[in-house]
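Okay, so here's the structure we're looking at.
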Amino acid sequence: MLLRGVVEGPPILLGPAVEHGVPGAYLIQPFHRAEPGASTIMLNRGFITKTRADAIRAGTQTPGGEVGQEVIIEGMLTKKFDEGKGSWQHDNQPEQNLWFWKDIPGMAEWFGGETKGVQPVLVDAIDRK
């Protein structure tokens, strides 16, 4: 699906995660859709390295990209995740912005929930390298 809108707001760093043997996290941010009256959803912008994730957490680096500018992204709706956390995973700590498993309703609430028009919908951006 193609979506037009604006990436905005603070990020969630979901992890730890590993891609191709490299440790890191997934960068998730609110995405306000451009259609009139459209809601905000969550956009998984993809994998980033642990070094970059640590710098974003410390406030020495921004998530980067086109934050605040209208963009068109290609993405797919993430798999619905009803199972909750696995028995070996840590509990998410939203008050400290520490996310170890995909709690889509909880992440939507952290971004402002219904009050800010954030739907519990997570779209994974398709990276065209």
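Just so you know, in the stretch 1-33 the residues that are small (G, A, S) and touching a strand residue (DSSP E or B) at 6+ places or on another chain (Cβ under 8 Å) include one that is farthest from D127 (Cα to Cα), and it is G9. For A38, the conditions (1) of a type in the set (A, V, I, L, M, F, W, C); (2) more than 24 Å from Q96 (Cα to Cα); (3) touching a residue at least 60 places away in the same chain (Cβ under 8 Å) are fulfilled apart from (3). Might you let me know whether the stretch 19-40 holds any residue that is among the aromatic types (F, W, Y), within 19 Å of M76 (Cβ to Cβ) and either more than 17 Å from the chain's Cα centre (by Cα) or open to solvent by less than 20 Å² (accessible area, probe 1.4 Å) (or both)? Checking the stretch 19-40: at least one residue is among the aromatic types (F, W, Y), within 19 Å of M76 (Cβ to Cβ) and either more than 17 Å from the chain's Cα centre (by Cα) or open to solvent by less than 20 Å² (accessible area, probe 1.4 Å) (or both). Does the stretch 70-85 contain any residue that is within 17 Å of A25 (Cβ to Cβ) and touching a Phe, Trp or Tyr at 6+ places or on another chain (Cβ under 7 Å)? Taking every residue of the stretch 70-85 in turn, at least one turns out to be within 17 Å of A25 (Cβ to Cβ) and touching a Phe, Trp or Tyr at 6+ places or on another chain (Cβ under 7 Å). Scanning the stretch 69-110 for residues that are acidic (D, E), farther than 16 Å from P16 by Cα and open to solvent by less than 70 Å² (accessible area, probe 1.4 Å) gives a single hit, E74. If the condition is being open to solvent by 30 Å² or more (accessible area, probe 1.4 Å) and at pLDDT below 95, then the stretch 5-18 contributes V6, E8, G9, P10, P16.
Residues that are under 25 Å from P120 (Cβ atoms) and either open to solvent by less than 60 Å² (accessible area, probe 1.4 Å) or assigned to a helix (DSSP H, G or I) (or both) within the stretch 41-55 comprise I41, M42, L43, N44, G46, F47, I48, A53, listed in sequence order. Entry remark, the stretch 4-32: residues being over 21 Å from N92 (Cα atoms) and assigned to a loop (DSSP other than H, G, I, E, B) number 3 in total. Among the candidates E74, E109, the residue that is assigned to a helix (DSSP H, G or I) and under 20 Å from V6 (Cα atoms) is uniquely E109. Residues that are among the hydroxyl-bearing types (S, T, Y) and either closer than 21 Å to M1 by Cα or buried (at least 18 other Cβ atoms within 10 Å of the Cβ) (or both) are absent from the stretch 56-67.
K79 falls short on exactly one of the conditions (1) more than 18 Å from I126 (Cβ to Cβ); (2) assigned to a loop (DSSP other than H, G, I, E, B); (3) of a type outside the set (S, T, N, Q), and that condition is (1).
The values are calculated or read from the model by the stated rules, or taken from the named source; none is laboratory data. All of these numbers come straight from a predicted model, not from anything done at the bench. Neighbour counts are summed over all protein chains in view; Cβ atoms, including those assigned to glycine, are modelled from backbone coordinates with ideal geometry. For the accessible areas, the whole protein counts, side chains as well, though only heavy atoms, and no ligand, DNA or RNA atoms are used. Shrake-Rupley method; radii C 1.70, N 1.55, O 1.52, S 1.80 Å.
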